[in-house]
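First the structure, in the form of C-alpha cells, and then the observations on it.
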Amino acid sequence: MARTRTRSLLVMFTALVTTAVAVLVCPAPALAYPSGAGWSAYWSYYDTKKAQLDAKIPGVDLHVVVDDTNSGYRYLAGQVTDTAGDSSCARVEIYGTVTGGQIVYVVCGSGQYHLFTGFTSAEPLLFVLQRIPNGTTTVASAADILLPSPATDPGVGAAGTKAGWWYTSSVYYQFTLARAGVEVNGAGLHYPGQNARTVAANVQNLNSLGCASASLNASNAGTSQQACGTGTAEPLEIPLATGNIAVSACWRSTLTLTTRCVTTKIYAPN
C-alpha cells in the first residue's frame, strides 16, 4: 500500500539526517556546498496547456507564465528581478531547444526588474539564470530549468504535470515530478562540511494500465526504480551524491508501449 506523501517525506528526512550525521566520523574535505537558501526551480501546468515557471538563485528571481493553447506558438509573459543589493546583476537567458533562438535580459540594482512578453515557436524552452558582476560576462553563480512543450511531447500540457525542486533551509531540499500515471516525491540534505548531498525519493504508479519508473543520477552515482500496479510505491536513493542531480519520472503504457517522462535537474548551490 502506498504511503502518504507527508509520511514518505518524514521517513526520508529521518533517514537522511541519520546518514548525514554518520559522516561526521570521516574527515571532511576543505570545500563544502554554500547555503542552499534562495535556490529553486519549478514549473507546473495549472490548466490544460497553461503553465507557470518560477526559478531563483541568490540575487535573481524569474517568474514566467506560458500559454500553449495556440498550436504552433508559445506565448510568454514574465518578470526578471534583481534581488540583491550588491555590484552584480541578474541575467536570464531563454533558449529555444529546437530552433536555437535566444533572448537575454539583464537587470542591475536591488529591486530593479524587467517585464517581458512575446511569442516563440512551440518548442521546449531552457531558462538559464545567472548572477554576473556588473560590466562583465563572468558568471558568479547559475542554474537552469527546462520547460517541455505539448507540441513535441504529447500529454505534457495536461493539468497537474509538473517538475521542480526547492530548498526549504540552507541544507535541506525537496523535489517533485508528476505526469499522467506517475508521481515522484523526494528530499535531500547536505553532508556537514562536505561537497556532497543525500538524495532519496519514492516513485508511485497512478494507473493500472502500465508501470511508473524514476531515476536519480549524480556525477558520481545513479539509481533507478520501477513501480507497477495502481498505488504501488517504491523507494530509490543515492546515499552520497556529488554535483547536480538529474531526476526523471516516467510512465510506460502496456497498451501502446510508449514511455513518457518529465525531468528536472537539482542544482548544487554554487
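The values are calculated or read from the model by the stated rules, or taken from the named source; none is laboratory data. Everything quoted here is computed from the prediction, not taken from an experiment. Glycine also receives a Cβ, built like all others from the backbone with ideal geometry; neighbour counts cover every protein chain displayed. Note: accessible area is taken over every heavy atom of the protein model, side chains too, but ligands, DNA and RNA are not part of it. Shrake-Rupley method; radii C 1.70, N 1.55, O 1.52, S 1.80 Å.
Quick notes
- Matching residues in region 90-106 - criterion: being outside any loop (DSSP other than H, G, I, E, B) and either more than 20 Å from the chain's Cα centre (by Cα) or surrounded by fewer than 17 Cβ atoms within 10 Å (Cβ to Cβ) (or both): Glu93, Gln102, Ile103, Val104, Tyr105, Val106
- Scan of region 194-218 for residues that are surrounded by 16 or more Cβ atoms within 10 Å (Cβ to Cβ) and among the small types (Gly, Ala, Ser), ordered by number: Ala196, Ala200, Ala201, Gly210, Ala212, Ser213, Ala214, Ser215, Ala218
- Exclusive hit being within 22 Å of Ser169 (Cα to Cα) and either modelled with pLDDT of 95 or more or open to solvent by 70 Å² or more (accessible area, probe 1.4 Å) (or both), set Ser40, Ser87: Ser40
- Selection count where residues are open to solvent by less than 30 Å² (accessible area, probe 1.4 Å) and among the charged types (D, E, K, R), scope region 145-170: 1
- Residue check, Tyr173 of a type outside the set (A, V, I, L, M, F, W, C) and surrounded by 23 or more Cβ atoms within 10 Å (Cβ to Cβ): yes
- Residue in region 145-168 that is without any contact (Cβ under 8 Å) to a residue 40 or more places away in the chain, in contact with a Phe, Trp or Tyr (Cβ under 8 Å, 6 or more places away or on another chain) and among the charged types (D, E, K, R) present: no
- Region 151-178, residues that are within 14 Å of the chain's Cα centre (by Cα) and part of a strand (DSSP E or B): Lys162, Ala163, Gly164, Trp165, Trp166, Tyr167, Tyr173, Gln174, Phe175, Thr176, Leu177, Ala178
- Scanning region 219-270 for residues that are open to solvent by less than 70 Å² (accessible area, probe 1.4 Å), within 19 Å of Gly186 (Cα to Cα) and not in a strand (DSSP E or B) returns Ala221, Gly231, Thr232, Thr242, Gly243, Asn244, Tyr267, Ala268, Pro269.
- In region 107-140, the qualifying residues are those that are assigned to a strand (DSSP E or B) and open to solvent by 80 Å² or more (accessible area, probe 1.4 Å), and the one that is farthest from Pro58 (Cα to Cα) is Phe119.
- The condition of being of a type in the set (D, E, K, R), at pLDDT 95 or above and buried (at least 22 other Cβ atoms within 10 Å of the Cβ) holds for only one of Asp82, Asp47, Asp67, Asp54, that being Asp82.
- Residues satisfying the stated conditions in region 46-82, i.e. part of a loop (DSSP other than H, G, I, E, B), of a type in the set (Ser, Thr, Tyr) and touching a residue at least 40 places away in the same chain (Cβ under 8 Å): Thr48, Ser71
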